[in-house]
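Working notes, beginning with the structure itself.
The values are calculated or read from the model by the stated rules, or taken from the named source; none is laboratory data. Just so it is clear, the structure is predicted and the values come from calculations on it, not from any experiment. We place every Cβ from the backbone using ideal geometry, glycine too, and count neighbours over all the protein chains shown. Quick note on the areas: whole protein, heavy atoms, side chains included, nothing else; ligands and nucleic acids left out. Shrake-Rupley method; radii C 1.70, N 1.55, O 1.52, S 1.80 Å.
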Amino acid sequence: MVTQAREAIILVGGMGTRLRPLTVHRAKPLLPVAGVPCIEHQLANLAAAGISHVVLATSYRAETFTEVLGDGSALGLRLDYVSEDEPLGTGGAIRNAAALLESGPHDAVVVLNGDVLSGHDLSTQVAMHIQRRADLTLHLTVVDDARAFGCVPTDGSGRVLAFLEKMPQPVSNQVNAGCYVFRRAVIDAIPTGRVVSVERETFPALLQADAVVLGYVEQAYWLDLGTPAALVAGSRDLVLGRMRSAALPGPVGEALVLPGARVAADAVVEAGSCVGPGASVGPGAQVLGSVLLEGAQVHAGAVLRDSIVGAGAVIGAGCVLKDAVIGDGAEVGADNELLGGIRVWCGARIGPAVVRFSSDR
Ligand code: GDD
Ligand code: MG
């Protein structure tokens, strides 16, 4: 009897619309989170759980995945890629990727949404699936507001009672955490060649057919990285050690400063900030709970809180940023205040502020 899953599929085809402009030049799972593409945290977790072969189901910006992740050997995994000409939806993508799986019909296959940072115990989820001979075992977690998620009530034995994707008035706060263990045969039964949503079609149909669909409830660290605020929070939590990952490229601490980055001696970089390779922080600047992607420059005296600065973007001297999202290559002139979730598009130029803002510094 098989006691472990050996193969996984990661869904990485979404357009990352809510993360624009950060996703203009790269797909969401390749955005750096604590210094490495966020998918590397998932890949490290899969490898630790005994997975050896991963198929990436790509669509949007498919070519960027191979460039960054290669054949996976650096991560201790064998990686394969499939690409959809037109996005096939979550179910269509899983079915399409399954053509490259080597598992038998009753083997357990792990499937992940490619934009989730999760500290749950995958091995225990797989063990539950195998012990109870399930068709499908979903990791479920509890959130304050379930409206943006799949709401998944269960009974006392862990059987899933319903799968209710994105309800305006969720019946419970227990939600789909985007990590599934499938019996391979269930994947093979998904129709080919058309758009299928597992959330809206496959899961409800399995429940209708009385298949064994289980909920593995674990409230470990869990975050959907679908928005800039979540991406910044995820990076910060990894740097500070609130979420553990074997892929973290340095020790846990107040800040992660990657090789080739320059931080002026009197600059303050803390509260879980990450300074990417080749990025620089000028004299007297403060970078707090923020992310600087590769080659970003923060000039003297600028103050950044909970913000993300894209590759090669420049933040002028004396600027104040709070919850700001700056696209790759943008230039923000001196003394601007960018607050409240503002997004500056890739390559945009903002001239220096005429009036000096002296409050709130
Ligand atoms: N290959 C491929 N093709 N991948 C896709 C496609 C597609 O057509 N559509 C979506 N994906 C990928 C996305 O890249 C992402 O990794 C994953 O599937 C889920 O899509 P999202 O667009 O991020 O969905 P969501 O966050 O609104 O909701 C999903 O995740 C929640 C947990 O984070 C659902 O599964 C919810 O039920 C769940 O609660
Ligand atoms: Mg998502």
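Quick one: is residue 246 in a loop (DSSP other than H, G, I, E, B) and open to solvent by less than 30 Å² (accessible area, probe 1.4 Å)? Taking the combined requirement at face value, the residue does not satisfy it.
Within segment 207-222, the set of residues being open to solvent by 30 Å² or more (accessible area, probe 1.4 Å) and not in a loop (DSSP other than H, G, I, E, B) comprises 207, 208, 217, 222. Across segment 3-18, the qualifying residues are those that are out of contact with any helix residue (DSSP H, G or I) (no Cβ under 6 Å at 6 or more places or on another chain) and open to solvent by less than 10 Å² (accessible area, probe 1.4 Å), and the one among them that is nearest to residue 178 (Cα to Cα) is 10. For segment 323-332, how many residues meet the condition of being surrounded by 18 or more Cβ atoms within 10 Å (Cβ to Cβ) and over 22 Å from the mean Cα position of the chain (by Cα)? Adding up the residues that qualify gives 3.
Pairs meeting the criteria (first residue in segment 148-171 and within 16 Å of ligand 2 (Cβ to nearest atom), second residue among the charged types (D, E, K, R), beta carbons under 6 Å, at least 6 apart or on different chains) are 150/165; 150/199; 165/199; 165/200. Of the residues 13, 35, the single one that is within 16 Å of ligand 1 (Cβ to nearest atom) and in contact with a Pro (Cβ under 6 Å, 6 or more places away or on another chain) is 13.
Answer yes or no as to whether residue 309 is in contact with a strand residue (DSSP E or B) (Cβ under 7 Å, 6 or more places away or on another chain), of a type in the set (A, V, I, L, M, F, W, C) and open to solvent by 40 Å² or more (accessible area, probe 1.4 Å). Against the criterion (in contact with a strand residue (DSSP E or B) (Cβ under 7 Å, 6 or more places away or on another chain), of a type in the set (A, V, I, L, M, F, W, C) and open to solvent by 40 Å² or more (accessible area, probe 1.4 Å)), residue 309 does not qualify. Restricting attention to segment 143-174, the residues that are in a loop (DSSP other than H, G, I, E, B), surrounded by 13 or more Cβ atoms within 10 Å (Cβ to Cβ) and under 20 Å from the mean Cα position of the chain (by Cα) add up to 3.
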